[in-house]
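Following: one structure in structure tokens, then a few remarks.
The values are calculated or read from the model by the stated rules, or taken from the named source; none is laboratory data. As the structure is a prediction and not an experimental result, all values here were calculated from the model. Cβ placement follows ideal geometry from the backbone for every residue including glycine, while neighbour counts extend to all protein chains displayed.
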Amino acid sequence: MDKVLTGKSPSLKGTIRVPGDKSISHRAIMLGAIAEGTTRVQNFLMGEDCLSTIDCFRKLGVSIDITEDSVTVLGRGFLGLKEPSEILYTGNSGTTTRLILGVLAAAPFHTILTGDSSIAKRPMKRVTGPLRQMGADIDGREDGNLTPLSIRGGHTKGIEYHSPVASAQVKSAILLAGLHSNGTTIVTEPARSRDHTERMLKAFGGDVTVNELAVSVEGGQTLTATSIEVPGDISSAAFFLVAGAIVQDSEIRLEKVGLNETRTGIIDVLKSMGASLSISNIREVNFEPVGDLTISTSQLVATEVGGENISRLIDEIPIIALLATQANGVTVIKDAEELKVKETNRIDTVVSELKKLGANIKATEDGMIITGPTSLKGDVEVSSFGDHRIGMMLSIASCICNGQIVIKDADAISVSYPSFFAHLEQLQTVKSV
């Protein structure tokens with residue numbers, strides 16, 4: 001589906017609540033499925049990726065009911081999972097694909113797992129490698145690096161694994177396998193990645209130990225069902241945070257947004273660039289910090305984004321690149337090689353599409369360099385290339401473009417933010433906060 005956006009917005013004003021956090025929604029279904037009892041998940045993200053997780057666990061024999069704004073998971077414990085009669089299809093979801101591998105590695109049956117054409121290109125060896133070390137029998141294209149994958153699990157043992165990358169997906173897959181393996185499983189990372197799995201394990205009564213960059217679990221654990229309220233996804237909020245900063249005469253309030261410190265790199269970048277941003281009503285829900293964010297039109301200065309902060313904002317780099325086009329000076333984004341193996345090669349895609357809009361931006365081996373401020377032009381056609389975050393970034397860019405733009409494959413946005421265009425229109429029509 002193509003989307004035609006009319007160009008420069010006179011202002012963006014209002015209060016919205018962004019959809020539930022995608023990472024937390026995935027994990028709530030997975031842990032609820034292997035827990036004993038009934039888990040209720042409020043503010044679940046009804047996006048395509050998270051619905052893929054539900055579909056996979058239904059095929060594994062778990063009863064999952066969906067209402068308008070919540071999900072109920074009837075867990076029967078890990079041993080209640082059943083060998084699926086069908087291939088598990090994960091769609092476009094890298095999180096579903098990698099994390100469910102951890103569950104299946106310890107499950108005493110055979111499963112075949114595949115995804116869409118994008119998933120078929122994304123590297124899985126970073127997960128299948130350590131899971132094989134734990135004793136799972138996994139095969140697939142390129143010796144288990146690419147889907148489709150065949151997994152015969154069970155009889156796994158705990159390992160001590162030093163991950164070469166700071167990846168919550170890698171860490172989580174190993175920990176999920178470790179919950180039902182013999183002995184202790186320890187994962188050590190080169191830098192701290194997002195820790196939603198560790199926090200949610202505690203919410204389900206799990207025993208998890210965090211020691212600086214190392215996380216460990218004991219095997220043979222039983223999880224107990226609970227109620228989960230999913231906070232707003234800060235990765236989704238990032239698009240409207242940037243919109244509020246760069247669109248003239250704007251003020252946007254975002255309620256109940258997750259403020260997990262492993263995810264708040266976007267807030268640090270906005271503050272370092274001089275954005276007018278405030279945080280209020282901070283509290284904790286299910287071991288996750290939550291708060292309300294208010295942002296208004298700002299005078300921005302360039303910054304440098306890199307180092308250990310990259311893992312805290314890797315999904316926000318496309319919108320940070322747009323932010324940088326409106327900042328005074330040269331912004332450097334580095335140490336972001338991981339962008340090359342996302343839904344698209346996000347370095348090349350961000351640069352190519354923003355250049356079409358007149359941005360002064362160039363790609364580097366591990367990031368990009370952006371010089372601003374630049375007046376962006378319209379009357380051009382751009383593409384999401386099937387990447388939801390590229391699609392949302394270009395939609396926000398349209399709000400400061402001189403002329404309409406056409407976004408090809410804009411329907412990719414529904415993967416993580418089904419109500420995105422409704423919220424954008426709401427902010428364009430509301431006259432005061």
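If Asn345 satisfies every condition in (1) more than 19 Å from the chain's Cα centre (by Cα); (2) closer than 26 Å to Lys356 by Cβ; (3) among the polar types (S, T, N, Q) but one, which is the exception?
(1)
Tally up the residues in the range 391-410 that are part of a helix (DSSP H, G or I) and touching a strand residue (DSSP E or B) at 6+ places or on another chain (Cβ under 8 Å), please. So that I can check it myself, show each step before the final result.
Filtering the range 391-410 for residues part of a helix (DSSP H, G or I) gives 391-398, 410.
Checking which are touching a strand residue (DSSP E or B) at 6+ places or on another chain (Cβ under 8 Å) leaves us with 391, 394-395, 397-398, 410.
Qualifying residue count for the region: 6.
Among (1) within 24 Å of the chain's Cα centre (by Cα); (2) surrounded by fewer than 23 Cβ atoms within 10 Å (Cβ to Cβ); (3) aliphatic (A, V, I, L, M), where does Ile159 come up short?
Unmet for Ile159, out of (1) within 24 Å of the chain's Cα centre (by Cα); (2) surrounded by fewer than 23 Cβ atoms within 10 Å (Cβ to Cβ); (3) aliphatic (A, V, I, L, M): (1).
If Ser93 passes every condition in (1) more than 14 Å from the chain's Cα centre (by Cα); (2) among the small types (Gly, Ala, Ser); (3) over 17 Å from Ser227 (Cβ atoms); (4) not assigned by TED's automatic domain parsing to the domain that holds Lys340 but one, which one does it miss?
(1)
Let's see how each residue does on (1) of a type in the set (Lys, Arg); (2) touching a Ser or Thr at 6+ places or on another chain (Cβ under 8 Å); (3) not assigned by TED's automatic domain parsing to the domain that holds Leu31:
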position	(1), (2), (3)
Asp195	no, yes, no
Arg199	yes, no, no
Ala203	no, yes, no
Thr209	no, yes, no
Thr222	no, no, no
Ala225	no, yes, no
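Criterion first (closer than 28 Å to Glu338 by Cα, touching a residue at least 12 places away in the same chain (Cβ under 8 Å), over 20 Å from the mean Cα position of the chain (by Cα) and assigned by TED's automatic domain parsing to the domain that holds Ile138) does Leu88 satisfy it?
Working: closer than 28 Å to Glu338 by Cα: yes; touching a residue at least 12 places away in the same chain (Cβ under 8 Å): yes; over 20 Å from the mean Cα position of the chain (by Cα): yes; assigned by TED's automatic domain parsing to the domain that holds Ile138: yes.
Yes: the conditions hold for Leu88.
So how many residues does the range 127-173 have that are in contact with a Lys or Arg (Cβ under 6 Å, 6 or more places away or on another chain) and of a type in the set (Asp, Glu)?
Residues that pass the stated criteria total 1.
Checking Thr96 against (1) surrounded by fewer than 24 Cβ atoms within 10 Å (Cβ to Cβ); (2) part of a helix (DSSP H, G or I): exactly one of these is not met. Which one?
It is condition (1) that Thr96 fails.
Among the strands (runs of 3 or more DSSP E) contained in the range 1-68, which hold 2 or more residues that are within 22 Å of the chain's Cα centre (by Cα) and at pLDDT 95 or above? Walk me through how you get there before you give the answer.
On the way: elements: 3-5, 13-16, 36-42, 63-66.
Passing ranges, in order: 36-42.
Pairs needed: first member in the range 343-354, within 23 Å of Thr97 (Cα to Cα); second member anywhere, of a type in the set (Ser, Thr, Tyr) and at pLDDT below 95; C-beta distance under 6 Å; at least 6 residues apart or different chains.
Close Cβ pairs satisfying both conditions: Glu343/Ser118.
How about the range 116-149: which of its residues are touching a residue at least 40 places away in the same chain (Cβ under 8 Å), in a loop (DSSP other than H, G, I, E, B) and either among the β-branched types (Val, Ile, Thr) or in contact with a Phe, Trp or Tyr (Cβ under 9 Å, 6 or more places away or on another chain) (or both)?
Listed by number, the list holds a single entry, Met134.
Consider Thr128 carefully, then state whether it is at pLDDT 95 or above and surrounded by fewer than 23 Cβ atoms within 10 Å (Cβ to Cβ). Outline the logic, then answer.
Working: at pLDDT 95 or above: yes; surrounded by fewer than 23 Cβ atoms within 10 Å (Cβ to Cβ): no.
So Thr128 fails the test.
Mind counting the residues in the range 365-380 that are surrounded by fewer than 18 Cβ atoms within 10 Å (Cβ to Cβ), in a strand (DSSP E or B) and touching a helix residue (DSSP H, G or I) at 6+ places or on another chain (Cβ under 8 Å)?
1
From the list Thr90, Thr111, exactly one residue is hydroxyl-bearing (Ser, Thr, Tyr), under 26 Å from Gly183 (Cβ atoms) and either surrounded by fewer than 17 Cβ atoms within 10 Å (Cβ to Cβ) or out of contact with any His (no Cβ under 8 Å at 6 or more places or on another chain) (or both). Which is it?
Checking each option against the conditions leaves just Thr111.
Could you list, ordered by first residue, the pairs with Cβ atoms under 6 Å in which the first is in the range 32-47 and on the phi < 0 side of the Ramachandran plot and acidic (Asp, Glu) and the second is buried (at least 24 other Cβ atoms within 10 Å of the Cβ) and at pLDDT below 95, at least 6 apart or interchain?
Pairs that qualify, where the first residue is on the phi < 0 side of the Ramachandran plot and acidic (Asp, Glu) and the partner is buried (at least 24 other Cβ atoms within 10 Å of the Cβ) and at pLDDT below 95: there are none.
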